[in-house]
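We did not get these values from a lab; they are worked out from the coordinates using the rules stated. Quick caveat: nothing in here was measured; it's all calculated off a predicted structure. For neighbour counting, all protein chains shown are included, and Cβ atoms are generated from backbone atoms with ideal geometry for every residue, glycine included.
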Amino acid sequence: MASLLAKTGSLETRYENIHKDLIDACRRGERNAQYKIYKLYYKAMFNTSLRIVNDTAEAEDIMQESFLDAFQRLESYSGQGSFGSWLKRIVVNNSLDSLRRSKDTVSFEEEGLELPESGEESHEAEIQFQVQEVLKAIQQLPEEYRIIISLFLLEGYDHDEISEILNISNQLSRTRYSRARHKLLAILKENKYRNAFIFN
């Protein structure tokens, strides 16, 4: 599953040196360069936000706001990593801030969760799903699960980075991801059987 979904990071690395001149022009306030950077990244950044907030209009607003933030904060971009990764972190943070503002129920505090029993792992190899089915199922996850699955599987963050982003422990990140992954598999199985029933 991860091999099918986590493909965005390699593209960002490839663009790092190619876009240096554009980024330097953006630092000088050149609007044409800003527009070119926007065109290069807006679809990926919109999708990143959408996977977190699960609302098209809100993701569009967050994406626009994040580009404005990025252009205003370009001096803080050191150039050490890819520009796409730096921009994506702004989008993720703005998306999480939006959720926190709009829903009092969103919480990333420490909680006592037990890892699911490893016996369930044996069923995973039997299930093959198309990417679109997986993305649709992710949208059906409870919010905290959807966020952590999106950050790990789709955005390519590791648990150290996720724990920093969500302000939780590394262990809680791993535990929540494991539970989210099992919940996702359950939804995929349920959808598969429901579709089979409908078309038979």
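Numbers for the structure displayed
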{"read-out": "Ordering of 56-66, 29-39, 147-157, 131-141 by packing [mean C-beta count within 10 Å, highest first]", "value": "147-157, 56-66, 131-141, 29-39"}
{"read-out": "Rough spin-label spacing in nm, given labels placed 7 Å along Cα→Cβ, for ASP55 and TYR77", "value": "2.8"}
{"read-out": "Linear extension gain, GLN140 paired with GLN64, 0.36 nm per residue minus alpha-carbon span", "value": "24.8 nm"}
{"read-out": "Among the listed pairs LYS136/LYS192; LYS43/LYS88; LYS43/LYS192; LYS39/LYS88; LYS88/LYS136, those beyond 20 Å (Cα-Cα)", "value": "LYS43/LYS192; LYS88/LYS136"}
{"read-out": "Pairwise FRET efficiency - GLN171 versus ARG31, Cβ, R0 = 41 Å, nearest 0.05", "value": "0.30"}
{"read-out": "Simple spin-label estimate for TYR42 and ASP21 in nanometres, 7 Å along Cα-Cβ", "value": "2.3"}
